[in-house]
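Asker: Quick one: structure below, then a few questions.
A short reminder: the numbers here are calculations on the coordinates, not readings from a lab. For clarity, every value in this text was computed on a predicted model and none was experimentally measured. Quick reminder, even Gly has a Cβ in these numbers, built from the backbone with ideal geometry, and neighbours come from all protein chains shown.
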Amino acid sequence: AGIYNPLQVADYQLFWEGLTDRATPLYDFLNAKYIVAPKDFALPWDKFTPVFDGDPSVNIYLNSRALPRAQVIYHSRVIPDPAAAFAALRAGGFDPSRETILAGGDALNGAPEGETSRSFAEYEPQSIVTDVTAAADAYVVFSEVAYPGWTATVDGRPASIERANFAFRAVRVPPGEHRVALRFEPTAWRLGVLITLVSLAAYVALAAFFRTRER
């Protein structure tokens, strides 16, 4: 990354810098399942295990508590103020596998009994589709960085993307089976496509006009 990287997303960078160490559950929330590190690297050994040591310089370590990239979460707190949300994340006892902190949306306090599942149907740089089963009203929380231009649908209908855990994304779903789709469709890209199509149409029209005049 060098000394300065203008492409860093500010809120994610603050989240990363706010991690006390790799023992915190917030690190597990990032879905970081493996670490490549020197053989003498200090790690919390209650959750990290060496799984490859065949290289002379580094080992590969498995994080046995890494959380899924998408989770169905039934308990949410709404804290609109970013500083207060950041402080709540770092407070003792916060468990990202059971709770999410939202900048907007609804506070949920469900204690459901029933099936909960999620699986990815598609995972691409500009498109994420996951099938979920929720036993009650819930948020599907993604360890994907919040960024302008992403849109969401639930079963094909437009849905709101809430900022979750300070720098990430969440989409609310009702009880039952649903397909949640995230697409990266920034306004600038759509505007660029429109301008291109209009320009192409104008070029074709002008070419036809001048060709007719020549005849």
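Asker: Per the Kirkwood treatment, what hydrodynamic radius in Å, one decimal, follows for the stretch 37-132 from the mean inverse distance over all distinct Cα pairs?
Answerer: Result for the stretch 37-132 stands at 16.9 Å.
Asker: Express in nm, to one decimal, how much length is gained between Glu17 and Ala201 on full extension, taking 0.36 nm for each residue of separation and deducting their alpha carbon distance.
Answerer: Between Glu17 and Ala201, full extension yields an extra 61.3 nm.
Asker: Taking the Cα centre of the stretch 55-109 as the origin, how large is its charge dipole in debye, to the nearest 20, when only Lys and Arg (+1) and Asp and Glu (-1) carry charge on their Cβ atoms?
Answerer: 80
Asker: Shifting gears a bit: Starting from the amide H of Trp150, placed 1.01 Å from N in the peptide plane, find each other amide H under 5 Å away whose residue is 5 or more places distant or on another chain.
Answerer: Close amide H contacts, sequence-distant or interchain: Glu185.
Asker: Express as a percent, rounded to the nearest 5, the fraction of DSSP beta bridges in the stretch 1-135 (both residues included) that run antiparallel.
Answerer: Antiparallel bridges make up about 80 percent of those DSSP assigns within the stretch 1-135.
Asker: Going toward the positive end of the dipole of the chain, with +1 on Lys and Arg Cβ and -1 on Asp and Glu Cβ, which of Ala202, Tyr74, Ser160 do you reach last?
Answerer: Checked the options; the winner is Ala202.
Asker: Now, a different point. For the chain, set up a Gaussian network in which alpha carbons nearer than 10 Å are linked by springs, and say which option among Leu182, Leu14, Leu194 fluctuates the most.
Answerer: Result for the chain, Cα springs under 10 Å: Leu194 fluctuates most.
Asker: With 28 Å as the cut-off, how large is the P(r) tail for the chain, expressed as percent of Cα-Cα pairs?
Answerer: Pairs farther apart than 28 Å: 43 percent.
Asker: With +1 on the Cβ of every Lys and Arg and -1 on the Cβ of every Asp and Glu, and nothing else charged, how large is the dipole of the stretch 134-183 about its Cα centre, in debye rounded to the nearest 20?
Answerer: 140
Asker: So for the stretch 67-191, taking the charge dipole from beta-carbon charges (+1 Lys/Arg, -1 Asp/Glu), which of Ala107, Ser127, Ala146 sits furthest toward the positive end?
Answerer: Ala146
Asker: Tell me, what is the Rg over Rh of the stretch 1-90, with Rh the Kirkwood radius over Cα pairs?
Answerer: Using Cα coordinates only, the ratio equals 1.03.
Asker: Let me know the longest stretch in the chain that avoids all GluC sites (Glu not before Pro) found in a DSSP loop with at most 16 other C-beta atoms within 10 Å.
Answerer: Between exposed loop sites, the widest span is 1-112.
Asker: Report, in order of residue number, the helices in the chain meeting two criteria: a C-alpha extent of 30 Å or more along the helix axis, and a mean Kyte-Doolittle hydropathy of at least 1.0; treat each whole DSSP H run as one helix.
Answerer: Correct list, ordered by number: 187-214.
Asker: Which residue fluctuates the most in the chain, going by a Gaussian network model with Cα springs under 10 Å, if the choices are Ala32, Ala42, Ala91?
Answerer: Answer for the Gaussian network model of the chain: Ala42.
Asker: Whole-Hz ³J(HN,Hα) for each residue in the stretch 122-139, computed from phi via Karplus 6.51 cos²θ - 1.76 cosθ + 1.60 with θ = phi - 60°, x for glycine and proline: what do you get?
Answerer: Here the 3J(HN,Hα) series is 7, 9, 10, x, 10, 7, 10, 10, 9, 9, 10, 10, 10, 7, 7, 4, 8, 10 Hz.
Asker: With label points built 7 Å along Cα→Cβ from the Cα atoms of Thr49 and Ser117, find their separation and express it in nm.
Answerer: In this crude label model, Thr49 to Ser117 measures out at 2.6 nm.
Asker: State to the nearest 20 debye the size of the charge dipole of the chain about its Cα centre, where the only charges are +1 on K and R beta carbons and -1 on D and E beta carbons.
Answerer: 840
Asker: What is the stretch 7-128's relative contact order, in percent, from Cα pairs under 8 angstrom and six or more apart in sequence?
Answerer: The normalised contact order for the stretch 7-128 reaches 22 percent.
Asker: Most mobile of Ala87, Ala205, Ala146 per a Gaussian network model of the chain (Cα springs, under 10 Å)?
Answerer: With Cα springs under 10 Å in the chain, the top fluctuation among Ala87, Ala205, Ala146 is at Ala205.
Asker: Also, I was wondering about something else. Subtract the Cα-Cα distance of Thr153 and Asp106 from 0.36 nm times their separation in residues, and report this length gain in nm to one decimal.
Answerer: Answer, rounded to one decimal: 15.2 nm.
Asker: Relative contact order for the chain using alpha-carbon pairs under 8 Å, separation at least 6, rounded to a whole percent?
Answerer: Over the chain, the number comes to 17 percent.
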